[in-house]
Amino acid sequence: MSDTYKDFDNRLARIASNKARLRKGYVSRVGHDGLIVFRPRRARFSVSPRGLAMVVLGFVFFKSVIMAHLGAEVYNQRIAALNSGTLVEQAGGFLMYPDPATRWAAGKMRPYLR
């Protein structure tokens with residue numbers, strides 16, 4: 001194949017990849033010469049505060065249901081057992097440690113879970 005065909009194939013491959021990136025979103029800009037140029041939009045990782053709050057509240061609710069079901073003494077014994085385990089178990093023990101919100105919610109749920 002001659003160099004002309006290789007250059008043409010390379011150009012077609014660039015156009016196809018640019019078109020694939022433009023499908024995910026684009027921004028149009030007018031250049032100084034009046035030419036409209038479409039550029040792919042940069043991918044941004046966005047975390048909404050509402051979604052993050054829902055995850056945190058769900059986790060606190062989960063911990064408080066477990067604490068209300070087991071009782072504070074048994075729950076603390078199980079956390080202590082996790083803290084004396086492997087590194088992954090220690091991380092779980094750290095995450096499951098009862099915070100004030102968990103204790104308050106467990107106290108409110110305790111009469112209903114007996």
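Worth a mention:
- Residue in region 28-36 that is without any contact (Cβ under 8 Å) to a residue 60 or more places away in the chain and closer than 19 Å to PRO100 by Cβ present: no
- Residue in region 66-81 that is more than 30 Å from ILE15 (Cα to Cα) and modelled with pLDDT under 90 present: no
- Within the option set PRO40, PRO49, being closer than 30 Å to VAL27 by Cβ and in contact with a Lys or Arg (Cβ under 9 Å, 6 or more places away or on another chain) holds for one residue only, PRO40.
- Only a single item in (1) modelled with pLDDT of 90 or more; (2) more than 16 Å from ASP99 (Cβ to Cβ) is not met by LEU57, and it is number (2).
- Leading residue by the ranking (surrounded by the most Cβ atoms within 10 Å (Cβ to Cβ)) among those in region 73-105 that are farther than 10 Å from LYS63 by Cα and among the charged types (D, E, K, R): ARG78
- Taking the conditions (1) surrounded by fewer than 13 Cβ atoms within 10 Å (Cβ to Cβ); (2) at pLDDT 95 or above in turn, LYS6 satisfies each one other than (2).
The values are calculated or read from the model by the stated rules, or taken from the named source; none is laboratory data. These numbers were taken from a predicted model, which means no experiment stands behind them. Here Cβ is always computed from backbone atoms with ideal geometry, including for glycine, and neighbour counts include all displayed protein chains.
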